[in-house]
1. Assess whether residue 229 counts as being modelled with pLDDT of 85 or more and touching a helix residue (DSSP H, G or I) at 6+ places or on another chain (Cβ under 7 Å).
2. Test of understanding: among 52, 12, 87, which residue is in the same structural domain as residue 120 (by TED's automatic domain parsing), at pLDDT below 85 and buried (at least 17 other Cβ atoms within 10 Å of the Cβ)?
3. Counting just the residues of region 55-72 that are part of a loop (DSSP other than H, G, I, E, B) and in contact with a helix residue (DSSP H, G or I) (Cβ under 7 Å, 6 or more places away or on another chain), which one comes out surrounded by the fewest Cβ atoms within 10 Å (Cβ to Cβ)?
């Protein structure tokens, strides 16, 4: 491997890709060789360019981030940093399997930590172990055995499991886990989202764009009825 870390950014949101690319540009050893807007495009570029590192969004239309990992061919697996909004249980699964993650919106300090882990693992890990860790990670998050994952994909259950059951919201240094099922509606207020729950007195504020938050919610349950409003259809 050369001194530079060949990197691909995969996200269906153009602003998210550009924002991450700008932050990574500050790191001289990171060489961005491609940006992809969906999973299929990512697979083509990964096979073509053989990157060392992929920043991979999880919730994307068509082929999601987990499916991209499953479909990667060959033993020369790149390092993967998932971009996600999973709750603490999924986050723990990422940490156990030594594959890093960053939560949206990405904080500079967390990105620095992720890159430090990437540099360490690139020096220490062999490709076959990386591949097994990634498959183990997907198995851990879905709660299924590797042999069951293909059946989940065929049954359409895999995409449902890709959406988090809780949203992690930072509040004065603490992290609050809000059950998605308890959310009744969401309204935009500038750069923040006001998340209303079944308790009318409880409103949590999340720094995010409407598009980012919408991508974390199952579209069969949550619908965007206005450019600044998302509603839970089960609560109508």
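The values are calculated or read from the model by the stated rules, or taken from the named source; none is laboratory data. Not measured: the values here are computed from a predicted model. All Cβ positions, glycine included, derive from the backbone under ideal geometry; neighbour counts span all protein chains shown.
1. Here the answer is no, as residue 229 does not meet what is asked.
2. Matching residue, one of 52, 12, 87: 87.
3. Per the criteria, the residue is 62.
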